[in-house]
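The values are calculated or read from the model by the stated rules, or taken from the named source; none is laboratory data. For clarity, every value in this text was computed on a predicted model and none was experimentally measured. Cβ placement follows ideal geometry from the backbone for every residue including glycine, while neighbour counts extend to all protein chains displayed.
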Amino acid sequence: MGWLRTIIDECVGLFVDDVRFAGAILSWVILAGVALPRLGLPGFMPAVVLFAGLLAILVEGAVHKARK
């Protein structure tokens with residue numbers, strides 16, 4: 001059964017390099033998807049907030065990788 005776990009880990013590794021980074025993105029998208037429609041922001045502002053959060057996650061991830 002160890003070989004099956006290895007295959008699954010390799011397949012996940014093809015798409016997810018950094019679990020912390022992927023988790024942060026997924027969490028932000030879910031949080032934004034739930035919270036932003038309820039805030040009643042005008043026009044394109046929800047998209048700006050979503051983009052700003054994703055950009056912040058990207059910058060933090062790059063800084064974190066650079067420090068390693």
Next item on the list: For the range 40-68, enumerate the residues that are within 16 Å of Gly23 (Cα to Cα) and out of contact with any helix residue (DSSP H, G or I) (no Cβ under 7 Å at 6 or more places or on another chain).
Entry: Leu55, Ala56, Leu58, Val59, Glu60, Ala62, His64, Lys65
Next item on the list: Assess whether Phe21 counts as being assigned to a helix (DSSP H, G or I), at pLDDT below 90 and among the hydrophobic types (A, V, I, L, M, F, W, C).
Entry: yes
Check: For the range 24-68, what are the residues that are in a helix (DSSP H, G or I) and not hydrophobic (A, V, I, L, M, F, W, C)?
Finding: Ser27, Gly33, Pro37, Arg38, Pro46, Gly53, Glu60, Gly61, His64, Lys65, Arg67
